[in-house]
1. Within 15 Å of Ser330 (Cα to Cα), in a helix (DSSP H, G or I), free of Cβ contacts under 8 Å to residues at least 60 places away in the same chain and over 48 Å from the mean Cα position of the chain (by Cα): which single residue out of His361, His357 fits that description?
2. What's the number of the condition Thr424 fails, among (1) open to solvent by 60 Å² or more (accessible area, probe 1.4 Å); (2) modelled with pLDDT of 90 or more; (3) polar (S, T, N, Q)?
3. One residue is enough: does region 258-273 have a residue meeting the conditions outside any helix (DSSP H, G or I), β-branched (Val, Ile, Thr), open to solvent by 30 Å² or more (accessible area, probe 1.4 Å) and over 30 Å from Ile401 (Cα atoms)?
4. Quick one: what pairs do we get from region 364-388, first residue of a type outside the set (S, T, N, Q) and part of a helix (DSSP H, G or I), second modelled with pLDDT under 85 and open to solvent by 50 Å² or more (accessible area, probe 1.4 Å), C-beta under 9 Å, 6+ apart or different chains?
5. In region 1-28, how many residues are modelled with pLDDT under 65, open to solvent by 90 Å² or more (accessible area, probe 1.4 Å) and β-branched (Val, Ile, Thr)?
6. Can you work out which of the residues in region 318-354 that are in a helix (DSSP H, G or I) and open to solvent by 60 Å² or more (accessible area, probe 1.4 Å) is nearest to Ala397 (Cα to Cα)?
7. Write out, first by first residue and then by second, each pair whose Cβ atoms fall under 8 Å of each other, whose residues are 6+ apart or on separate chains, and whose first residue, in region 120-148, is within 19 Å of Arg48 (Cβ to Cβ) while the second is basic (Lys, Arg) and open to solvent by 30 Å² or more (accessible area, probe 1.4 Å).
8. Exactly one of (1) in contact (Cβ under 8 Å) with a residue 60 or more places away in the chain; (2) surrounded by 14 or more Cβ atoms within 10 Å (Cβ to Cβ) is unmet by Ala442. Its number?
Amino acid sequence: MRASPNTVRCIIKSGTAEVPKIHRSNKSEAYRTQILELYSRCRGNLVRVHKELVAQGARFSYQALTRFVRQECVRENHSSDVGHSHVTESLAAAKEWLAEITYGWRAAKLLTKEFGDLSGLSILLRTVRNGTLLERKKAATILARNRGTSNAVIANILHASRRSTRRYFRVYTKAGAAALFGRSTRVGKPAEDLAKTHRILELLHSRPDSIGFNRMNWTQCDLIQAYEARHHETISRSALARLIRKAGYGWRKARRVLTSPDPNYQEKVELLVMTLRSLTTSEMLFFIDEWGPYQVRKRSGKAYRDKDTVPRIPRHQVPRGTVSLAAALSATTNQITWTFVASKDTRSMMDLLEILHNQYHDKSKLYVTWDSVAWHNSAILTEWLDDFNEENRKEPAGPMIELVPLPTSAQFLNAIEGVLYGMTRAVIHNSDYKCTEDMKLAISRHFDQRNQHFKDHPKRAGGKIWEMDFFHDLDVLRAGDEGQCQTHRTYS
C-alpha cells in the first residue's frame, strides 16, 4: 500500500482501518450552470467550453474542467438522465463528425473554420480517407483531438485504448505527421541484435536434418526451437522474422536454368557471333525452327473475362486435323518466312531452304542456324545441301547456303523461338477453328502483319541481346547458362 504520512495520521486519528475519503474542492464547481449549458451548446467540445468560460472571467485550468465534466457525467449517469444525455449526445456527435470527415462529406470551409492553421491538415485528411486501418485511426485521433473531442470519447469510437490514442497525439505534437505515420523503429540494443543475427544465420546455413529435424528447409517454428535448444535463450517469432528480414534473407524458389551440355559449346557460339558481326549487305543470317504439330480443336488460354464467367474446355475432343510449319527469321530485317509442312523432317527443311534461296536470289550467301535435332544434322540433308550449292555455282546468280549449327540444348540462342511463341499466344490460345485451313489463314495473317510492322519500323531480330553484350562480350555466353544469357525474345 502506498500512502502519504498525512493519510497514515488521519487513519490513526480516526481509529478505523478504512482510508478516509478526501473531498477536494473544484474551482469549476461555481460555474456548474454555465458549464452544462456550454457543454450542450458546443456539442461536447471542451476546448470551446473552456475558451468561452475564460472569456467570461473564469479562472481555472482545462484539466479542472475535464475533471468536473467527467465526475458530473458519472454522478448524473447514476442519479438522473441529464448527464447521460450529455454523454450520449457528445458520443453521437463525435461519431457523426468523424464519419463526415472519413467519407469526405464535410465541406472544406467548415474544416478550415474548425482547424484553422493546423499543420499537415491535408495529409491527415488524405490519410483518414485512404490510409490503412491503423493510419486512419491515427489521423482520426489527431483531427478529433484538435477539434476538442476528449480522449475517452475518441478511444470509445475507434475501439482503441486510451493509452494508444494519447500516444498518437503526443507523437504528432512532438514530431508531426512524418513521425506519426512513419514506420516505427525499434529502440533496441544493436550489439544484442547483431549477436542474435549471427546465431540465426548459422542455423540457416546448416540443413535442418543435420540438427535432428526431418525437413529439408527451415520454418520459423523450427528455427525458434533450434535456437532455444542451442543457445538456451528464447526468441519471439516477430523478433526472428525481423532479424531475418533485416539480414536480407527471405523465401526464394530455386530457378531451373537451361544449360548446354555440348562439349563444343564455346566454339559454336563464337562462330555464330563472328558470323553475325561480319555480315555484309549481300549476306543474311536466318534463325530456323519448326512449330507444331498443333491439333485444330477448342483451346484454352488467358483472356479478359467476367469474374463470374469461366469457359469450359472439354478434356476429350475429336481433332479436326493438325497443322505444322517451318519458319525462318532474318536476323537483320526481322522478316519471317514460313511454309506449312506435313511433318517435321529433313524434307521440310529442304523445302524451306529452297524457298529462302528463291526469295533472296539477289544475295551472295545465306547463313542458316538451327537447333541440334536429328533431322537438322542428318547425312541426307548435308549431302543434299552440298549438291544444291554445287549446282548453284554453275548458275550466274543465286546465294550459297551455309550452316551455322547451334549448340545442343541452346534454344535460348534461337531468336525465332520467341516469335513462334508470340504467334501461338495471339492466334492459337482461346481459338476454336473449324478446320485446318482456318488456322493456317490466321497464322499467315499474323506473320504478314508482323512483317509489315518491321518494314515500317526496322529493327534487328533477337531483342536487346544483339545490341548489348552479344557482340561485345562473349563471357556472358561461355557458360551456356540461360540465367546469365538473358535473351530478350520478341513476342510480337
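The values are calculated or read from the model by the stated rules, or taken from the named source; none is laboratory data. Predicted model, so just to flag it, every value in this text is computed and none were measured. Backbone-built Cβ (ideal geometry, glycine too); neighbour counts: all protein chains shown. These area figures cover heavy atoms from the full protein model, side chains too; ligands, DNA and RNA do not enter into them. Shrake-Rupley method; radii C 1.70, N 1.55, O 1.52, S 1.80 Å.
1. Working: His361 fails: in a helix (DSSP H, G or I).
Going through His361, His357 in turn, the sole match is His357.
2. (1)
3. The answer is no, given that none of the residues of region 258-273 is outside any helix (DSSP H, G or I), β-branched (Val, Ile, Thr), open to solvent by 30 Å² or more (accessible area, probe 1.4 Å) and over 30 Å from Ile401 (Cα atoms).
4. Leu381/Trp375
5. Total meeting the criteria: 1.
6. Within region 318-354, the match that is nearest to Ala397 (Cα to Cα) is Glu354.
7. From region 120-148, the pairs are Gly148/Arg48.
8. (1)
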